[in-house]
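Written below as structure tokens is the structure these notes are about.
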Amino acid sequence: MSRGIKFSLSKKLYVRDPQETKYGKRLLRHSIILMDQLGLEQFTFKKLASEMKSTEASIYRYFENKYKMLSYLGCWYWEWVHYLIDIHTLNIKDPKHRLQLTIHQLIHASNESVMTEYINENALHRLLIREGVKVIHFQDVDQAKEQGLFKSKINLIEKVSDTLLQLNPDFAYHRTLASTIIDMVDNQIYYAHHLPQLSSLSSSENTLEHLEQIVNDLTFSTLASSKTAM
């Protein structure tokens, strides 16, 4: 895949899709870096325009507000994770191996890639771990769902859910386990760095490797115990 990789995202997320222009890609690159540095509350289009040596009006041609921008970035990341899972599990027939590869990509998708030169995956994932909940837990979430703003994450959960069912077709809670795995990855990384009392992880160099071991152990134990119970 070339560096021109492009995902189809809900048109309700943007005024103009930034993936389609050089300015838009530069906008994404700078917005990730600045939002990661400042946090969503302190981040403004005025500050972003100053950082880019551009104008607020130019930014508003792409996004209505910073919340839509963050939602867009979140959807882009979930599409990226889905893409990585697809290409790394292609032609893998063994369901256990497919699930292991799926978990690996969920955890390591934040590694920076030469395929997406305008996106810093590591900074984007760090941003979403800290701020992403703000675009899911809010008053008008049902309206946002109807507009397709969560389609990317829902599709990813369905992807993981299908993989779980391949290993244990009788497992009744596949969607719950799939969403739990995805949320656990982000929450445990956050806890390890900020609230270590809530995690068995440590903020060391091998945090992701340890997390992968934990997720694998919990996932396969859950699936195995379900088979035993039946």
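Given +1 at the Cβ of Lys and Arg, -1 at the Cβ of Asp and Glu and no other charges, the dipole of the range 2-87 around its Cα centre is 340 debye to the nearest 20. Computed about its Cα centre, the charge dipole of the chain is approximately 800 debye, with only Lys, Arg, Asp and Glu carrying charge at their Cβ. From largest to smallest, the equivalent ellipsoid semi-axes obtained for the range 75-160 from the alpha-carbon gyration tensor read 24, 17, 11 Å.
Taking only protein heavy atoms and a 1.4 Å probe, the accessible area of the range 30-82 is 50% carbon and sulfur.
Averaged per residue, the chain has 53 square angstrom of accessible surface, using a 1.4 angstrom probe with ligands and nucleic acids left out. Here are labelled values, [x] 18.2; [y] 18.7; [z] 19.2, and one is the computed Kirkwood radius over Cα pairs in Å for what I pasted. Which one? Recomputing Kirkwood radius over Cα pairs in Å here picks out [y].
Where does the range 1-90 land on Rg/Rh, using Cα atoms and the Kirkwood Rh? Reported Rg/Rh, Kirkwood definition of Rh: 0.99. If you run the Gaussian network model on the chain, springs between alpha carbon atoms under 10 Å, then out of Gly24, Gly39, Gly132 the most flexible one is Gly39.
By the rule of a C-alpha distance below 19 Å, with chain neighbours fewer than 8 residues away ignored, the lysines paired with Lys145 are Lys11, Lys12, Lys66, Lys68, Lys134, Lys153, Lys159.
Glu56 sits among other residues whose Cβ lies under 11 Å from its own Cβ, and their net charge, with Lys and Arg +1 and Asp and Glu -1, is +3. Here the range 134-230 is described by how far its Cα atoms reach on the three principal axes: 39, 37, 19 Å, from widest to narrowest. For the range 60-108, a crude dipole built from +1 on the beta carbon of Lys and Arg and -1 on the beta carbon of Asp and Glu, taken about the Cα centre, is about 60 debye to the nearest 20. Computed from the alpha carbon atoms alone, the convex hull of the range 118-158 holds 93 Å³ per residue.
The values are calculated or read from the model by the stated rules, or taken from the named source; none is laboratory data. Quick caveat, the model's predicted, so the values are computed rather than measured. Glycine also receives a Cβ, built like all others from the backbone with ideal geometry; neighbour counts cover every protein chain displayed. When the accessible area is computed, the model is the full protein with side chains, heavy atoms only, and any ligands, DNA or RNA have been set aside. Shrake-Rupley method; radii C 1.70, N 1.55, O 1.52, S 1.80 Å.
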